[in-house]
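Shown next, in structure tokens, is the structure this report addresses.
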Amino acid sequence: MRLGIISALAEEQNGLIEAMESQHKVTHGMREYTEGKLWHIDAVCVLSRIGKVAAAMTASILVEKFGVTHIVFTGVAGSGDLGVRVGDVVIADSLVQHDMDASPLFPRFEIPLTGLSRIASDRDLTRQLAAAAKEFLENESGNPQTHRGLIASGDQFINKRAQLSALKDALPELLAVEMEGAAVAQVCFELGIPFGVIRTISDNANEDAAIDFMHFVQTVASRYAYGILKSFCQNR
Ligand code: ADE
């Protein structure tokens, strides 16, 4: 396995790069890729920046230039369900681009000319990420939970209750909203690369989302990413 680890922002990946042994940095296409060993796993860490295009480009380069065989995206997300609370972790079973709408040519959410609207994550990676998240969260205060299900991605920071409830009406199984996962899913699907997406909930995608998001990424996000990925790598 050669594992590509993507996050949008530095705060979502802090600690992981420092933990890498035999580091080697390569700059390509306005991003810095750090190759090395993470708890005996051959890995490449990179920050994609925010949004679907940025994430798709980063995932493609990880595969085509850095030869990764698996990809995990780790970061934060807004809650898409009342049962999913700030501090919980959501692991994607499948992902949808919530802003994909080529109707009436194709059904809403369908990626044109693929016949697909949802892309399933790799079952083994997802099971291992869920186990790692559970193990890590056991020692956290506030009784945080892990959830598995549908994550929706789009080029919008959702910060209005009405926006989220319209999305929830269209996608009732929705657990979390973010801005990159489904783009990585499409790239990995098309290139035949197993992938997983793990998100810590930073906000409720409502009018307070921006403030909650900033606070959360600075205080909690990187600790979670580090702890969960450490458990994931050590158990492989
Ligand atoms: N990432 C974290 N919170 C988010 C939100 N509310 N909308 C989109 N992406 C997010």
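The dipole here belongs to the chain: it is taken about the Cα centre, uses +1 on the Cβ of Lys and Arg and -1 on the Cβ of Asp and Glu, and is about 320 debye. Convex hull over the Cα atoms of segment 7-82, averaged projected area in nm²? Mean projected area for segment 7-82: 5.8 nm², to one decimal. Based on every Cα atom in segment 96-198, Rg and the maximum pairwise Cα distance Dmax equal 15.2, 50 Å.
Computed over the alpha-carbon pairs of segment 38-94, the distance histogram in 5 Å steps reads 4, 14, 22, 19, 19, 13, 7, 3, 0 percent, short to long.
With N residues in the chain, what two-decimal value do you get for its Cα radius of gyration over 2.2 N^0.38 Å? Can you show the working numbers first?
On the way: Rg = 16.5 Å, N = 236, 2.2 N^0.38 = 17.5 Å.
Ratio of Rg to 2.2 N^0.38 Å for the chain: 0.94.
For the chain, lysine pairs separated by 8 or more sequence positions, or belonging to different chains, with Cα-Cα distances below 22 Å total 10.
Placing pseudo-labels 7 Å out from each Cα toward the beta carbon at residue 156 and residue 140 gives an inter-label distance of 2.7 nm. Dipole check for segment 102-222: with +1 at the C-beta of Lys and Arg, -1 at the C-beta of Asp and Glu, and the Cα centre as origin, the magnitude is about 300 Debye. Amide H contacts for residue 176 (H built 1.01 Å from N in the peptide plane; partners 5 or more residues away or on another chain; cut-off under 5 Å): 80, 152. Summing +1 for each Lys or Arg and -1 for each Asp or Glu among the other residues whose beta-carbon sits under 14 angstrom from that of residue 33 gives +1. Each residue of segment 79-85 is assigned a 3J(HN,Hα), and the resulting list reads 5, x, 7, 4, x, 10, 9 Hz, derived from the Karplus form 6.51 cos²θ - 1.76 cosθ + 1.60 (θ = phi - 60°), x at Gly and Pro.
Peptides 219-226, 81-88, 45-52 ordered by packing proxy, namely the average of other Cβ atoms within 10 Å per residue, highest first: 45-52, 219-226, 81-88. Pair-distance distribution P(r) for segment 50-149, from all Cα-Cα distances in 10 Å bins starting at 0: 12, 35, 36, 15, 2 percent.
Projecting the Cα positions of 162, 94, 106 onto the charge dipole of segment 92-164 (unit charges on Cβ atoms of Lys, Arg, Asp and Glu, taken about the Cα centre) puts 162 furthest along the positive direction. Averaging the Cα positions of each part gives two centres, and for segment 163-236 and segment 76-136 these lie 9 Å apart. Here the Karplus curve 6.51 cos²θ - 1.76 cosθ + 1.60, taken at θ = phi - 60°, turns the phi angles of segment 231-236 into couplings of 5, 4, 5, 5, 8, 8 Hz, with x standing for Gly and Pro.
Taking each DSSP H run with n ≥ 4 as -39500 (n - 2.57) and averaging over every residue of the chain yields -9500 deg cm²/dmol at 222 nm.
Read-outs: derived from the displayed coordinates by stated rules, not from any lab. Just so it is clear, the structure is predicted and the values come from calculations on it, not from any experiment. Don't worry about glycine lacking a Cβ; one is built from the backbone with ideal geometry, like all the others, and counts go over all protein chains shown.
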